[in-house]
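What follows is calculated from the coordinates using simple rules that are stated; it is not laboratory data. Source: prediction; values computed, not measured. Virtual Cβ from ideal backbone geometry, glycine too; neighbours counted across all protein chains shown.
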Amino acid sequence: MKTLIAILTLTAILGAADGAALFKKCSACHGANAEKRALGKSKVIKDFTKDEIVTAIKGYKDGTYGGAMKALMKGQVATLSDADAEAIAEYITTKK
């Protein structure tokens, strides 16, 4: 039983999305601490709540969110899973 719990725990840890690693792609435009207005057009995302970030990422992905950056962001988030979105949002909220 202990072995099974250890295996499940390790699997969960290894399979968990790494928000910091995933955010590196975002930081080119949003800044290392999510403090920049991407391309001078977006909002500063470090001021968003976790739910707002997840909503934005999922909305960009399915095309229901965004203004001027909608098309660009759709391509940026296309490969992100829901778990990735949650991990990125959690990471960004640490930057406040």
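Derived scalar couplings between HN and Hα for segment 22-31 equal 5, 5, 3, 5, 6, 5, 4, 9, 8, x Hz in order, rounded to whole Hz, by the Karplus curve 6.51 cos²θ - 1.76 cosθ + 1.60 (θ = phi - 60°), x for Gly and Pro. The phi torsions of segment 36-47, fed into the Karplus equation with coefficients 6.51, -1.76 and 1.60 and a -60° offset, translate into couplings of 9, 7, 4, 6, x, 10, 7, 7, 7, 6, 5, 8 Hz, rounded to whole numbers, with Gly and Pro shown as x.
Couplings 3J(HN,Hα) for segment 54-70, derived from phi with the Karplus relation 6.51 cos²θ - 1.76 cosθ + 1.60 (θ = phi - 60°), are 4, 4, 5, 4, 5, x, 4, 4, 9, x, 9, 9, x, x, 4, 9, 3 Hz, where x marks Gly and Pro.
Counting lysine pairs in segment 18-93 whose alpha carbons fall under 15 angstrom apart, excluding pairs fewer than 8 residues apart on the same chain, gives 12.
Summarising the label geometry, the points placed 7 Å from Cα in the beta-carbon direction at Thr64 and Ala20 lie 3.3 nm from one another.
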